[in-house]
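The values are calculated or read from the model by the stated rules, or taken from the named source; none is laboratory data. Everything numeric in this text was worked out from a predicted model, so none of it was measured. Because the Cβ atoms are built from the backbone with ideal geometry, glycine has one as well, and the counts that use them run over all protein chains shown.
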Amino acid sequence: MPKQTKPQVRSGVSPPGSLNPRLQAPHRQLRPASAYVQGILRGDRVLLSQAITLIESTRPAHQQLAREIIDLCLPHSGRSIRIGITGSPGVGKSTFIEALGQHLLEQGRRLAVLAIDPTSKVSKGSILGDKTRMEKLASSEAAFIRPSPAGESLGGVARKTRESIILCEAAGYDTILIETVGVGQSETAVHSMADFFLLLLLPGAGDELQGIKRGIVEMADLIAVNKADGSRLPLARQARQEYRNALHLFPPKESGWTPVADICSATTGLGIAEIWQQAQAYWEKTEKNGYFEHNRRTQAHYWLNEAVNHQLRTAFFQNPEVRDKLKAVEKAVLEGRQSPFQGAEELVALFLKR
Ligand code: GDP
């Protein structure tokens, strides 16, 4: 048997720096905001991705840098059409986005696909979650696909997606698709950042609105009955008629647009071009009647309020005096010694140093 030798560490040679686990932390060295912005403006997808990762980060230094990047990108944003796409899981959203995306690329458009999914467990900055979805789109230079930020609350996830839209637009993406699962309140969040709202539904689910709340149908600018292929085609046509009838019952929209019900198949491509035509018709109409700009302003107002709420909450819960006192007040409230309102007043007074 050969003599077993152990690797020797020669004295006087310090271990290589890469063995230090702290140097392998996931965060690369930060650059100045202007470096990210210059990269974004020339369409550098790596820097765009890194900047979005900063938006998604919870570290104060990253958030500060992200804010600077967003501010610098803001004058270059806004020149796009933002399309919200919602529908229950399995309705065919990813397949549809792949098909619509191909069509848009053929029209010479540049496309960013973002998502709002508060249940997303995809690790920050990873695109693995979407690697298997939208494969063709993902391989195109003119498309940028980013999964939902993994997030605490819907509000947090939505805010990060909204901020990412600004960076994507500054990077020259002229069509933004924002996808969400049609559960919970996420479609309301998408509605607060999209210009045009598309609802995907399935054929053959009876005249019931498939558990999709009436409010969502009311928000839709276009209802597309997907999977209109094979034996489902007649059912899809019938569903389209039912939705057309249902849409008549809703009050007219402030946008002046009359919502449309259509059929499509994400797998055969039926109806995809027509849906894009409708989106363009919407765009033209609302540009002309001023609603497009008006809606963006209303959305900006909404996001200003959201941002104020968020920043106040964060400052409140990070305040050292509040943190010191919070547990005691919580205990007093839970034990009935103090009312929740008194407790809140006491904490807020501490925060405001009154
Ligand atoms: P998502 O959960 O809404 O993103 O749905 P997916 O895009 O993952 O689609 C769910 C399933 O429906 C997949 O097996 C797709 O292949 C299938 N699918 C999607 N669109 C169509 C369509 O237009 N026709 C048919 N026949 N199947 C479809």
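Quick one: count up the residues across the range 256-267 that are in a loop (DSSP other than H, G, I, E, B) and either farther than 16 Å from Leu202 by Cα or more than 16 Å from the ligand (Cβ to nearest atom) (or both).
Quick first cut of the range 256-267, residues in a loop (DSSP other than H, G, I, E, B) only: 256-259, 264-267.
Checking the rest, the ones that are also either farther than 16 Å from Leu202 by Cα or more than 16 Å from the ligand (Cβ to nearest atom) (or both) come to 256-259.
Qualifying residue count for the region: 4.
Output the residues belonging to the range 274-308 that are farther than 16 Å from Ile81 by Cβ and in contact (Cβ under 8 Å) with a residue 40 or more places away in the chain.
Tyr302, Trp303, Glu306, Ala307
Output the residues belonging to the range 28-49 that are assigned to a helix (DSSP H, G or I) and over 16 Å from the mean Cα position of the chain (by Cα). Can you show your working first?
Going through the range 28-49, the residues assigned to a helix (DSSP H, G or I) turn out to be 33-41, 45-49.
The answer is Ala33, Ser34, Ala35, Tyr36, Val37, Gln38, Gly39, Ile40, Leu41, Arg45, Val46, Leu47.
Output the number of residues of the range 268-281 satisfying the condition of being surrounded by fewer than 16 Cβ atoms within 10 Å (Cβ to Cβ) and either under 15 Å from Leu200 (Cα atoms) or within 16 Å of the ligand (Cβ to nearest atom) (or both). Steps first, answer last, please.
Here is the first cut: in the range 268-281, the ones surrounded by fewer than 16 Cβ atoms within 10 Å (Cβ to Cβ) are 268-269, 273-274, 277, 280-281.
Applying the additional criterion that residues be either under 15 Å from Leu200 (Cα atoms) or within 16 Å of the ligand (Cβ to nearest atom) (or both) yields 268-269, 273-274.
Residues in the range 268-281 being surrounded by fewer than 16 Cβ atoms within 10 Å (Cβ to Cβ) and either under 15 Å from Leu200 (Cα atoms) or within 16 Å of the ligand (Cβ to nearest atom) (or both): 4 in total.
Helices (runs of 4 or more DSSP H) wholly in the range 152-255 with at least 2 residues that are at pLDDT 85 or above and of a type in the set (D, E, K, R) - which ones? Before the answer, list the steps.
Numbers: elements: 154-170, 186-191, 214-219, 233-248.
Helices (runs of 4 or more DSSP H) meeting the threshold: 154-170, 233-248.
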